[in-house]
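Asker: The structure's right below; bear with me while I get my questions together.
The values are calculated or read from the model by the stated rules, or taken from the named source; none is laboratory data. These numbers were taken from a predicted model, which means no experiment stands behind them. Virtual Cβ from ideal backbone geometry, glycine too; neighbours counted across all protein chains shown.
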Amino acid sequence: MTLTPEQAENPLTAGLERMPVAPTTLVIFGATGDLARRKLLPALYNLAHDGALPERFHLVGVSRKEKENEDYRAECEEAIRRFSRRKPDDDVLEGLLDSVKYVPGTFDDETVYAELKSVLEEFEKEAGEPLNRAFYLSTAPSFFPVIVEQLGESALAHHPDAEVRLIIEKPFGTTLEEARDLNHQVLGRFEESQVYRIDHYLGKETVQNMMAFRFANGMFEPLWNRNYIDSVQITAAEDLGIGTRADYYNEAGALRDLIQNHMLQLLCHVAMEPPVSFTAEEVRNEKVKVLQAIPEPTVEQIPEMALRAQYTAGHAGGEDVPGYLEEEGVPEGSKTETYAALRLEVDNWRWAGVPFYLRTGKRLARKVTEIAVTLKPVPHLAFSHDGSLGVQPNQLVLTLQPNEGVSLRLGAKIPGTRMIIRPVNMEFLYGTAFLSQSPEAYERLITDAMRGDATLFTRNDEVEAQWRICDPIVKAWADSGQPGPPVALYEAGSQGPAEADGLLRGDDRWRAI
Ligand code: BG6
C-alpha cells in the first residue's frame, strides 16, 4: 500500500506501510443504535478519509428493525454528516456508503445468520478471494451471548482461509461471575486471539501517550516509585448528567460505568512495569500484574476506602438541572451512585504504601480527565525563614481531556530582593505542539482490530482482574439489607461530596475540578 505524503505524516496511517489492513467485511450488530450512529460510523468515515480502510472493504449492518439497504445507507449518511469530526467529502462518503448492506432480524433468529453468511460469501465471490471478517457487537450486553452462540452455530466463527475477529463493546459483564460466564461463552466459540474487548479509553491518543511519556523519556522512570512519589490521583469528572440513559445507568452506577474499566486502565498505565516490547501479550501481561497486586477489598475495609454519592438539583453547564432522582426514568428512591471514589493500593515493591485515589462523577463542576502524580516534599527547606510558604511538592499532571497535555509544578523564586518561592507550571499542550486534530479513539480501535493488533484491547484475565477489585464493592453497595454506608449527596455542578475527603490520607487533598 502506498501512502500519500499527508497519510505518511498522519500518526494514524503512518504505520500502515508495515502492517496493511487486509480486505475485510465489518459486520455491526446493533447497527442502528446510538454507539453505531455517534461513534462507529463517523469513525469509519474518517478512516476512509485518511485512506486507512482496506481497498476492499464492506460494511454490513444487522439490527432488528426491518428496512431496505437504501434506507440504512441514508441513515448512515445522516449519522456521519451529523457526528463526524470532519465535514464529509462527498466522494469519500459515497465510496463508503456504496460498500454498505443491511440485514434485518432478531439476534436469536438463525435465519439472520444464514442470510448474513450468504451476504459474506457473495462479497468473496465478487472479490475472487477470501475476505477477513470482523463481527462488532454493539448491542445491549444481554445479546452478547446469543450472538456469539449463533455465530458459532452457523459456522461463522472461523474461516479456513481468512481471519475472523470478534469485537465486543463494554460492559463486559456486570459482576465478576457474569464476566467469567461471558468469557466462558465467548471462548467456547472463538479463540482468545480472535477476541477484541473494547475499552475506548485505550484508543485515546492521550492514554497511549502515557506509555510514550513514561517509556520514551529517561527522566521520569528513576523517580517513578514509592521513594519519590507520595500519591497518585486519577479523576474522570463529567459535567453532563445521565441524559436519556436512565435504564442503563441506574443498573450500572459510576463504579461499574467508569472505574471498573476506564479508570483501572489508567491506573495500570501509571503503575505498570516497562514491558519488554510493545506487543499485545507483553503490554497486557504487565497490566494484569498491576491489577493482581491490588488487594481485593474486604467488607470491613470498604467503608473507609470507597465512597458513593448521588447528585441533587443544582446549576451545571449554565442551567438549572434536576437531581438524579428527578431525572426521567430513574426509579423512586434509587441508591445508584452517580459519583464514586476509591483509595487503592498497589502492593508491590515499586508502589507499596502509595495511595492511588480514583474518583469519577456525573454533574460535577466541569469535564476533566486527569492523572496527578504528587512527589514527596523536599526533605529540608533551607530558606524557610525567608518566607517560602509557597513551597509545594512537585506535581506532574497528565490531562487526558480537554486541553490535552502535561504540566509539571515546580517551585520558583518570585523576582525580587527576597527569597520567596511560588509554584509555577511548565506545560506541554498537544494542541500547540502538534497543530493537528487527534483521531477519535474508535478510529484507532477499529483499524487495530481489523489489523489483528490486540494491544489496545482488554484480555480475558485482565477483565476478570478488574472485576475482582470492584466486585466486593458492588456487592457491599447493593446489599441494601445490610447496614452500610448511606449514599452521600452532592449538588449538581459542584466539586462532589464533602465526605470524599474522608478517603484521603495525611495532608492529601482532592484537586479542584
Ligand atoms: C462511557 C460511559 O464508557 O464513557 C459514559 O458509559 C461516559 O457514561 C463515557 O460518559 C465517558 O467517555 P469520554 O470519552 O467522554 O471520557
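Asker: Output the residues belonging to the range 141-195 that are polar (S, T, N, Q), modelled with pLDDT of 95 or more, surrounded by fewer than 19 Cβ atoms within 10 Å (Cβ to Cβ) and over 26 Å from ALA22 (Cβ atoms).
Answerer: The first filter runs over the range 141-195 and keeps only residues polar (S, T, N, Q), leaving 142, 150, 154, 174-175, 183, 185, 193-194.
After this cut, where a residue has to be modelled with pLDDT of 95 or more as well, the list is 150, 154, 183, 185, 193-194.
Next, from what is left, pick out any that are surrounded by fewer than 19 Cβ atoms within 10 Å (Cβ to Cβ): 154, 185, 193.
GLN185 - this is the single residue of the range 141-195 that is polar (S, T, N, Q), modelled with pLDDT of 95 or more, surrounded by fewer than 19 Cβ atoms within 10 Å (Cβ to Cβ) and over 26 Å from ALA22 (Cβ atoms).
Asker: Do we have GLU6 as in a helix (DSSP H, G or I) and modelled with pLDDT of 95 or more here? Don't jump to the end; show me each part of the working.
Answerer: Details: in a helix (DSSP H, G or I): yes; modelled with pLDDT of 95 or more: no.
No, not satisfied.
Asker: Exactly one of these conditions fails for SER99: (1) among the hydroxyl-bearing types (Ser, Thr, Tyr); (2) in contact with a strand residue (DSSP E or B) (Cβ under 7 Å, 6 or more places away or on another chain); (3) at pLDDT 95 or above. Give me its number.
Answerer: The one condition SER99 does not meet is (3).
Asker: Pairs under 6 Å by beta carbon, first residue in contact (Cβ under 8 Å) with a residue 40 or more places away in the chain in the range 232-246, partner β-branched (Val, Ile, Thr) and within 11 Å of the ligand (Cβ to nearest atom), six or more apart or different chains?
Answerer: ALA236/THR360; ALA236/THR369; ALA237/VAL368
Asker: May I ask you to say which residue of GLU66, GLU77, GLU70 is of a type outside the set (Val, Ile, Thr), without any contact (Cβ under 8 Å) to a residue 24 or more places away in the chain and under 17 Å from VAL119 (Cβ atoms)?
Answerer: Values: GLU66 fails: without any contact (Cβ under 8 Å) to a residue 24 or more places away in the chain; GLU77 fails: under 17 Å from VAL119 (Cβ atoms).
Exactly one of GLU66, GLU77, GLU70 is of a type outside the set (Val, Ile, Thr), without any contact (Cβ under 8 Å) to a residue 24 or more places away in the chain and under 17 Å from VAL119 (Cβ atoms), namely GLU70.
Asker: Can you list the helices (runs of 4 or more DSSP H) found entirely within the range 404-513 that contain at least 1 residues being in contact (Cβ under 8 Å) with a residue 40 or more places away in the chain and hydrophobic (A, V, I, L, M, F, W, C)?
Answerer: Numbers: elements: 430-434, 441-451, 460-478.
Counting at least 1 such residues, we get 441-451, 460-478.
Asker: Residues to consider are ALA441, ALA454, ALA476, ALA488; find the one that is within 16 Å of the ligand (Cβ to nearest atom), of a type outside the set (Phe, Trp, Tyr) and over 29 Å from LEU375 (Cα atoms).
Answerer: Values: ALA454 fails: within 16 Å of the ligand (Cβ to nearest atom); ALA476 fails: within 16 Å of the ligand (Cβ to nearest atom); ALA488 fails: within 16 Å of the ligand (Cβ to nearest atom).
Step by step, each of ALA441, ALA454, ALA476, ALA488 is checked, and only ALA441 is within 16 Å of the ligand (Cβ to nearest atom), of a type outside the set (Phe, Trp, Tyr) and over 29 Å from LEU375 (Cα atoms).
Asker: Which numbered condition trips up TYR228, out of (1) within 13 Å of the ligand (Cβ to nearest atom); (2) modelled with pLDDT of 95 or more; (3) surrounded by fewer than 19 Cβ atoms within 10 Å (Cβ to Cβ)?
Answerer: Against the list (1) within 13 Å of the ligand (Cβ to nearest atom); (2) modelled with pLDDT of 95 or more; (3) surrounded by fewer than 19 Cβ atoms within 10 Å (Cβ to Cβ), TYR228 comes up short only on (1).
Asker: Moving to a separate point now. What are the residue pairs meeting all of these: first residue in the range 196-216, first residue of a type in the set (Gly, Ala, Ser), second residue surrounded by 20 or more Cβ atoms within 10 Å (Cβ to Cβ) and in a helix (DSSP H, G or I), Cβ atoms under 9 Å, and 6 or more apart or on different chains?
Answerer: GLY203/ALA441; GLY203/TYR442; GLY203/GLU443; GLY203/ARG444; GLY203/LEU445; GLY203/ILE446; GLY203/ASP448
Asker: Then there is this: Determine the pairs where a residue that is over 25 Å from ALA271 (Cβ atoms), located within the range 293-321, has a partner that is hydrophobic (A, V, I, L, M, F, W, C) and assigned to a loop (DSSP other than H, G, I, E, B) with Cβ atoms under 6 Å apart, the partner being 6 or more residues away or on another chain.
Answerer: Final answer for the pair search is GLN310/VAL487; TYR311/ALA492; GLY314/ALA492; ALA316/ALA492; VAL321/ALA492.
Asker: Right, next: When you go through (1) near the ligand (Cβ under 10 Å from one of its atoms); (2) buried (at least 18 other Cβ atoms within 10 Å of the Cβ); (3) part of a helix (DSSP H, G or I) one by one for MET263, which number turns out not to apply?
Answerer: So the condition that MET263 fails would be (1).
Asker: I'm told VAL321 meets every condition in (1) out of contact with any His (no Cβ under 8 Å at 6 or more places or on another chain); (2) over 17 Å from ALA500 (Cβ atoms) except one. Can you identify the failing condition by its number?
Answerer: Of (1) out of contact with any His (no Cβ under 8 Å at 6 or more places or on another chain); (2) over 17 Å from ALA500 (Cβ atoms), only one is false for VAL321: (1).
Asker: Conditions: (1) within 16 Å of the ligand (Cβ to nearest atom); (2) at pLDDT below 90; (3) surrounded by fewer than 21 Cβ atoms within 10 Å (Cβ to Cβ). PRO402 meets all but one. Number of the miss?
Answerer: (2)
Asker: May I pose another question? Between a residue in the range 158-187 that is closer than 23 Å to MET450 by Cβ and among the polar types (S, T, N, Q) and any residue that is assigned to a helix (DSSP H, G or I) and away from the ligand (no atom under 16 Å from the Cβ), which pairs come within a Cβ distance under 8 Å, given they are 6 or more apart or on different chains?
Answerer: ASN183/ASN460; ASN183/GLU464
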